[in-house]
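Asker: Dumping the structure here so I can ask a few things about it.
FYI, it's all coordinate maths here, none of it is from the lab. If you're wondering where the values come from, they're calculated on a predicted model, not measured in any experiment. We place every Cβ from the backbone using ideal geometry, glycine too, and count neighbours over all the protein chains shown.
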């Protein structure tokens, strides 16, 4: 059984074009997910960090939504260009990317540093 240090869920929910919240898929979530998976593999950490599709995370109005566990850090408005920063700063370095974090995450308290990725090379 694989033992991942982090799980990253990318919303790929699709709603009708007239839905008031929009949907992550129409905002580029498939490209975000594919880029995330490719970058994890390229950096040799895809066995340590698992990138998964997610159904609706109920934040589609905030742009492409991504959540990282075990910390339960929620990001919104994520683009392909943000993926290297999320990987380096949060997934490897343990520091969430503040500028992308969704507001109102009281479960985090003041914590902004988590375990760094344990990479055996």
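Asker: List the relative contact order of the chain as a percent without decimals, with contacts defined as Cα pairs under 8 Å and 6+ residues apart.
Answerer: Averaging sequence separation for qualifying contacts and normalising by length gives 27 percent for the chain.
Asker: Expressed as an acute angle from 0 to 90° and rounded to the nearest 10, what is the orientation of the C-alpha long axis of helix 29-42 relative to the principal long axis of the chain?
Answerer: It is inclined by approximately 10 degrees.
Asker: If eta is 0.890 mPa s and T is 25 °C, what Stokes-Einstein diffusion coefficient results for region 56-121, Kirkwood Rh from Cα pairs, in µm²/s?
Answerer: Taking Rh from Cα pairs, D becomes 198 µm²/s.
Asker: At a Förster radius of 35 Å, what calculated FRET efficiency corresponds to the Cβ-Cβ distance of residue 3 and residue 38, to the nearest 0.05?
Answerer: 0.95
Asker: For the residues 75, 69, what sequence is obtained by ranking on other C-beta atoms within 10 Å, fewest first?
Answerer: Sorted ascending by nearby Cβ count, the order is 69, 75.
Asker: Using only the Cα atoms, work out Rg/Rh for region 6-106, with Rh taken as the Kirkwood radius, to two decimals.
Answerer: Ratio value, two decimals: 0.95.
Asker: Arranged by the count of other C-beta atoms within 10 angstrom, fewest first, what order do 7, 90 take?
Answerer: By the 10 Å Cβ count, ascending, the order reads 7, 90.
Asker: Same structure again: Go ahead and run the numbers for FRET between residue 104 and residue 47, Cβ-Cβ distance against an R0 of 22 Å, rounding to 0.05.
Answerer: Given R0 = 22 Å and the Cβ-Cβ separation, E is 0.10.
Asker: Mind sorting 99, 43, 112 by how few other Cβ atoms lie within 10 Å of their own Cβ, fewest first?
Answerer: Fewest-to-most ranking of 99, 43, 112: 99, 112, 43.
Asker: When DSSP assigns beta bridges and you keep just the ones with both residues in the chain, what percent turn out antiparallel, to the nearest 5?
Answerer: That works out to approximately 55 percent antiparallel.
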